[in-house]
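In what follows, a structure is listed as structure tokens, so that the remarks can point back to it.
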2 protein chains.
Amino acid sequence: MVHEKRSLPRPGETPANAATIYQTIRSDIVRMRLRPGERLSENELGLRFRTSRTPVREAIVRLVDDGLIEVWPQRGTFVSRISLKAVKRARFVRSALELAVIREAAEHGISPAALREVKRAIAEQERAGSDPHLFADADDRFHRAFADAIGYGDIWSVVESQKAQFDRIRFLSLPAVTPVDLLIRQHRAILEAVVARDADTAEKTLRAHLSIVVETTAALMRTNPDLINDDISEN
Amino acid sequence: MVHEKRSLPRPGETPANAATIYQTIRSDIVRMRLRPGERLSENELGLRFRTSRTPVREAIVRLVDDGLIEVWPQRGTFVSRISLKAVKRARFVRSALELAVIREAAEHGISPAALREVKRAIAEQERAGSDPHLFADADDRFHRAFADAIGYGDIWSVVESQKAQFDRIRFLSLPAVTPVDLLIRQHRAILEAVVARDADTAEKTLRAHLSIVVETTAALMRTNPDLINDDISEN
DNA sequence: TTGACTGTCCTTGTATACAAGTATACGTGT
DNA sequence: ACACGTATACTTGTATACAAGGACAGTCAA
């Protein structure tokens, strides 16, 4: 049984509201502190967050919507297994949206402020080194910066909602197989292309960048079949 | 006070569950039977659907997530005004995703079954004539068919979740200003380009097709300023 | 007339009691 | 040993009671 520390309100803490519960559990799932298939109990969560079941259920409803949790009536509530179909969809959505964003950025250019933010994100990634959480945060910041740059900051929220399934794989793989240096080099290349207003190169580079995750997914499916639900072949 | 009929369970009907309540209210909002700014009462909805507040609240949580409802604690629950920012985002997302889908379909071709489905959707649109609901359904079916065709059927669910804000404008405008014939002609042209495996033409045609909605939005904002929240200029 | 106060009724947020169904350990009979 | 029924302790779904705060009409005083 797994007993590593999860996000816990310290004992004697004030009760949490539904929004906090949602974000805490979501973060625990995405960061693989709650494993696919693991059981959740509404009562237990109520105790953990020092509330009744009502706010807990509100959080659960949203997590079900996100596809991160499954509720079997009268049986239990479980962390969803990683769905290959959902990963495939998330990859397609992210790819399509980010390519459109980068193309727009390259065609219209970006402001000096936005440029600074992108550079900060790259620098942050270099500092992060091999710490998976820091690196992932900085990676998100890089990609998000371009969405902000073209005045469509809230586009990223769509990517983010899709990215959840996806991210579980990322956190599973980051420490081991991901070539951190390569990712940073690609980020630099993308930025250069955007600054040079070369939309085609920017698009091509981003496409290569995003396809890396596809490869690591395939590798992980072989090493961790218990965490992943192959709902593509069976259809 | 508006008193047109909304989706009502007949008197003496069996209680509705949370999923039904969610879909019913969502449909009422998207189809503009519940107007932006209109007040909702949890108790009233409970009576309407013959349940307690609990399932009603579950539906409301999901509608808040969709951006279709706003809850002001201790004050009330209201149908969201149409957000220009959300419309802009939805348009970008739909455009990016559908262009990627169409491009993929044009490059790899589609199956005979998928081709039949697309043709059925076009025929249905012709029969629908100027009935806004039927026409909108058939329109969705056309666009969805391509997502199905490339084996990414669940992509459409992402578009659909974004499309809600969007659709309110569509239902506001459809009977009046939309050139039905033009839309159908464009659908045919898109299909032809896909069948001819001409990705560039398919993309160009779809781009023109989607940009029509942009124009009608601008027109509607002038005629119905009370329904629309201009949250772009103010930022 | 105007302003502040207050009681009442409303709202949503939370806790709890109950309903209905499932998993499981345990005893019993064969 | 093994199959089967049963009690029991869970699970989530739903209804209801209560808490906390806002909206508003009416009252009273200046």
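Pairing each residue of segment A:38-67 that is among the hydroxyl-bearing types (Ser, Thr, Tyr) with any residue that is within 9 Å of DNA strand C (Cβ to nearest atom), provided the two are 6+ apart or on different chains, yields C-beta distances under 6 Å for A:Thr51/A:Pro15; A:Ser52/A:Gly46. Checked against the criteria, B:Glu124 does not count as under 23 Å from A:Phe92 (Cα atoms), in contact with a Phe, Trp or Tyr (Cβ under 9 Å, 6 or more places away or on another chain), assigned by TED's automatic domain parsing to the domain that holds B:Ile190 and acidic (Asp, Glu).
For residues that are surrounded by fewer than 16 Cβ atoms within 10 Å (Cβ to Cβ) and under 12 Å from B:Ala16 (Cβ atoms), scanning just segment B:32-53, find the one that is farthest from DNA strand D (Cβ to nearest atom). Looking at residues that are surrounded by fewer than 16 Cβ atoms within 10 Å (Cβ to Cβ) and under 12 Å from B:Ala16 (Cβ atoms), I get B:Leu47. Give the residue that is farthest from B:Ala100 (Cα to Cα), with candidates limited to residues of segment A:63-76 that are within 13 Å of chain B (Cβ to nearest Cβ) and not in a helix (DSSP H, G or I). Out of the qualifying residues, it is A:Pro73. Quick check: anything in segment A:148-159 of a type in the set (Phe, Trp, Tyr) and more than 24 Å from A:Ser27 (Cα to Cα)? Within segment A:148-159, one or more residues are of a type in the set (Phe, Trp, Tyr) and more than 24 Å from A:Ser27 (Cα to Cα).
The condition (being among the charged types (D, E, K, R), within 16 Å of DNA strand C (Cβ to nearest atom) and farther than 21 Å from A:Asn224 by Cβ) is satisfied by just one residue among A:Arg94, A:Arg62: A:Arg62. Taking helices (runs of 4 or more DSSP H) as the structural unit, those lying wholly within segment B:77-193 and holding at least 3 residues that are away from chain A (no Cβ under 14 Å) correspond to B:112-128, B:132-149, B:155-173.
For segment A:10-59, residues that are more than 14 Å from every other protein chain (Cβ to nearest Cβ), away from DNA strand C (no atom under 14 Å from the Cβ) and either of a type in the set (A, V, I, L, M, F, W, C) or in a helix (DSSP H, G or I) (or both) total 9.
The values are calculated or read from the model by the stated rules, or taken from the named source; none is laboratory data. All of these numbers come straight from a predicted model, not from anything done at the bench. So basically every Cβ, Gly included, is an ideal-geometry build from the backbone, and we count neighbours across all protein chains shown.
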